[in-house]
Amino acid sequence: MYDFANILFAGRCNRACPWCIGKALPDRVNVDNLSLWPLENLDGFIERVRAENVREIVFTGTVSDPHLYRHEALLLDHLRARLDPRTRYSIHTNGVLSLRKMTVFNRYDRGCISFPSFEPDTYEKMMGSRRVPDLSAILREATIPVKVSCVIDEPNVAELDGFVKRCHRIGVRRLVVRKLFGETREWDVLRDLPVVGRFKGNPVMDYRGMEVTYWDFDKTECRSLNLFPDGTIGDAYRLTETPQLERSA
Ligand code: SF4
């Protein structure tokens with residue numbers, strides 16, 4: 001049973017994160033699919049999603065952002081027409097184009113914005129650009145639930161308390177603080193927040209009604225089906241551990 005299925009995009013990106021996990025994948029996987037219709041092996045993916053009864057589809061990237069996909073709205077329509085009507089769709093994006101593409105953004109069932117800092121200096125160290133998306137405006141314009149995903153690393157760890165407060169102030173309802181994939185250090189963060197539950201083994205805390213999850217990829221047990229940009233269908237939650245990529249190497 002899979003928790004969700006990812007559709008992965010590759011090509012140029014409008015940010016340059018040093019920790020971009022997709023760059024650790026073999027080059028042949030990261031073929032530019034930003035203009036491609038239909039996506040490589042889309043029919044095969046739809047068949048697998050149907051066969052496995054997966055009800056959550058995520059548009060995300062290996063080395064690019066789903067808002068850069070030229071046929072984003074068409075792909076959403078195509079999937080909604082072909083998959084079970086109870087299927088839910090979400091986008092995981094850096095948010096850079098979300099305001100400009102708000103009509104499409106609001107056609108998903110929910111969105112997740114990868115956003116590590118409000119401070120341009122810190123943001124640049126983590127995302128390779130000083131231009132910080134206007135998260136507050138995205139939240140105001142969004143008609144769907146929006147989660148914020150904050151990677152935690154040396155440049156932003158000291159800011160985290162203030163970051164949590166500011167997220168709460170601008171109306172974030174769900175925040176995920178994520179350790180980097182393969183990170184062995186334990187960050188001394190979020191200690192003062194009461195733990196109110198667990199999700200996939202990760203602690204869920206509360207900050208004045210805002211849900212704050214501390215996510216550790218390496219300890220998380222999820223199952224996902226993944227359509228890679230070259231058409232490979234993989235079934236490992238941690239993309240770099242995909243057995244199907246090893247076999248076709
Ligand atoms: S925004 Fe995402 S896809 Fe783009 S460089 Fe950063 S991690 Fe990689």
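The values are calculated or read from the model by the stated rules, or taken from the named source; none is laboratory data. Treat the numbers as computed from the prediction; the structure is a model and nothing was measured. Because the Cβ atoms are built from the backbone with ideal geometry, glycine has one as well, and the counts that use them run over all protein chains shown. Surface areas here come from the heavy atoms of the whole protein model, side chains and all, with no ligands, DNA or RNA. Shrake-Rupley method; radii C 1.70, N 1.55, O 1.52, S 1.80 Å.
Restricting attention to segment 181-193, does a residue exist that is more than 30 Å from residue 52 (Cα to Cα) and at pLDDT 95 or above?
yes
Since residue 20 meets every condition but one in (1) within 27 Å of residue 163 (Cβ to Cβ); (2) touching an Asp or Glu at 6+ places or on another chain (Cβ under 6 Å), which condition does it not meet?
Among (1) within 27 Å of residue 163 (Cβ to Cβ); (2) touching an Asp or Glu at 6+ places or on another chain (Cβ under 6 Å), residue 20 violates only (2).
Just one of 240, 232 is touching a residue at least 60 places away in the same chain (Cβ under 8 Å) and open to solvent by 50 Å² or more (accessible area, probe 1.4 Å); which is it?
None of the other options fit; the residue is 240.
Can you report the number of residues in segment 164-188 which are within 13 Å of residue 207 (Cβ to Cβ) and open to solvent by less than 20 Å² (accessible area, probe 1.4 Å)?
6
Of everything in segment 1-60, what is among the basic types (Lys, Arg) and more than 20 Å from the chain's Cα centre (by Cα)? Give them in sequence order.
Passing the criteria: 28, 48, 50.
Considering segment 184-229 alone, what residues qualify as being aliphatic (A, V, I, L, M), touching a residue at least 40 places away in the same chain (Cβ under 8 Å) and under 19 Å from residue 157 (Cα atoms)? Walk me through how you get there before you give the answer.
At the first step, the residues of segment 184-229 found to be aliphatic (A, V, I, L, M) are 189-190, 193, 195-196, 204-205, 210, 212, 225, 227.
If we keep only those that are touching a residue at least 40 places away in the same chain (Cβ under 8 Å) too, we end up with 210, 212, 225, 227.
If the condition is that a residue be aliphatic (A, V, I, L, M), touching a residue at least 40 places away in the same chain (Cβ under 8 Å) and under 19 Å from residue 157 (Cα atoms), then 212 is the only one that fits.
I'd like to check which strands (runs of 3 or more DSSP E) are fully inside segment 128-246 and have at least 2 residues that are more than 21 Å from residue 2 (Cα to Cα) and in contact with a Cys (Cβ under 8 Å, 6 or more places away or on another chain).
Correct list: 146-152, 174-179.
Within segment 154-163, is there a residue that is crowded, with 20+ Cβ neighbours inside 10 Å and not aliphatic (A, V, I, L, M)?
The answer is yes, given that some residue of segment 154-163 is crowded, with 20+ Cβ neighbours inside 10 Å and not aliphatic (A, V, I, L, M).
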